[in-house]
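Student: Could you have a look at this structure, given as structure tokens, before my questions?
The values are calculated or read from the model by the stated rules, or taken from the named source; none is laboratory data. Worth saying up front: this structure is predicted, and the values here are computed from it rather than measured. Cβ placement follows ideal geometry from the backbone for every residue including glycine, while neighbour counts extend to all protein chains displayed. For the accessible areas, the whole protein counts, side chains as well, though only heavy atoms, and no ligand, DNA or RNA atoms are used. Shrake-Rupley method; radii C 1.70, N 1.55, O 1.52, S 1.80 Å.
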Amino acid sequence: MVIGGCGRVGLPLGIAMASRGLQVTLYDINAAAVAVVNEGRLPFDEDGAAEPLATAVKDGRLVASTDPASVASAEHLVVIVGTPVDEHLNPNIGAVPAAIERCAEYLRDGQLIVLRSTVHPGVTALTE
């Protein structure tokens, strides 16, 4: 399973999945966060997550990567993208298509892709 992100939504989900025995790769463009996670440490405070993260990394059930090719081997992908807003609080609907485009060449038929994000209706139509 590949989960998009070492952030406040993706990392806890990845820890939960790895804690239940799944092999999880966290794909993120933030190299600093990826390095911290691969050390078995949290890049932010999250109550109760430090020990399960350290265990999952130590046991090899959770790894983080900046390589978009990491999505190629996954049967299931969970794409987690925040919805940035401008100074007028208008959503930047381009964030989701941009995230998909980063790894699109590595996607293959048969993969299940789940979008877990706070996006407005119609945003997923932009990725066709």
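Student: Going by what's in this entry, would E87 be described as surrounded by fewer than 14 Cβ atoms within 10 Å (Cβ to Cβ), among the charged types (D, E, K, R) and either at pLDDT 85 or above or within 15 Å of D28 (Cα to Cα) (or both)?
Tutor: Values: surrounded by fewer than 14 Cβ atoms within 10 Å (Cβ to Cβ): yes; among the charged types (D, E, K, R): yes; either at pLDDT 85 or above or within 15 Å of D28 (Cα to Cα) (or both): no.
Considered against the rule, which asks whether it is surrounded by fewer than 14 Cβ atoms within 10 Å (Cβ to Cβ), among the charged types (D, E, K, R) and either at pLDDT 85 or above or within 15 Å of D28 (Cα to Cα) (or both), E87 comes out as no.
Student: Still on this structure, please answer the following. How many residues are open to solvent by 40 Å² or more (accessible area, probe 1.4 Å) and at pLDDT below 80 when one looks only at region 90-111?
Tutor: 4
Student: On to the next question. Please tell me if R8 is modelled with pLDDT under 95, in a loop (DSSP other than H, G, I, E, B) and either closer than 15 Å to A56 by Cβ or not small (G, A, S) (or both).
Tutor: On the way: modelled with pLDDT under 95: yes; in a loop (DSSP other than H, G, I, E, B): yes; either closer than 15 Å to A56 by Cβ or not small (G, A, S) (or both): yes.
In short, yes.
Student: Please work out if V36 is in contact with a Gly (Cβ under 6 Å, 6 or more places away or on another chain), at pLDDT 95 or above and surrounded by fewer than 21 Cβ atoms within 10 Å (Cβ to Cβ). Write out each step before concluding.
Tutor: Numbers: in contact with a Gly (Cβ under 6 Å, 6 or more places away or on another chain): no; at pLDDT 95 or above: yes; surrounded by fewer than 21 Cβ atoms within 10 Å (Cβ to Cβ): yes.
When the stated conditions are applied, V36 does not pass them.
Student: Output the residues belonging to region 39-65 that are within 30 Å of R108 (Cα to Cα) and either surrounded by 16 or more Cβ atoms within 10 Å (Cβ to Cβ) or in contact with an Asp or Glu (Cβ under 6 Å, 6 or more places away or on another chain) (or both).
Tutor: If the condition is that a residue be within 30 Å of R108 (Cα to Cα) and either surrounded by 16 or more Cβ atoms within 10 Å (Cβ to Cβ) or in contact with an Asp or Glu (Cβ under 6 Å, 6 or more places away or on another chain) (or both), then L53, A56, V57, R61, L62, V63, A64, S65 are the ones that fit.
Matching residues to (1) polar (S, T, N, Q); (2) in contact with a Pro (Cβ under 9 Å, 6 or more places away or on another chain):
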position	(1), (2)
L13	no, no
A18	no, yes
D28	no, no
N38	yes, no
L42	no, no
P52	no, no
K58	no, no
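Student: Let me ask something additional. When you scan region 20-54, how many residues do you find that are touching a residue at least 40 places away in the same chain (Cβ under 8 Å) and over 19 Å from C103 (Cα atoms)?
Tutor: The initial filter retains those residues of region 20-54 that are touching a residue at least 40 places away in the same chain (Cβ under 8 Å), namely 21, 25, 27, 29, 53.
Still in the list and also over 19 Å from C103 (Cα atoms): 21, 53.
The number of residues fulfilling the criteria is 2.
Student: Check off (1) modelled with pLDDT of 95 or more; (2) open to solvent by 70 Å² or more (accessible area, probe 1.4 Å); (3) hydroxyl-bearing (S, T, Y) for S73 and give me the number that stays unchecked.
Tutor: So S73 meets the others, but not (1).
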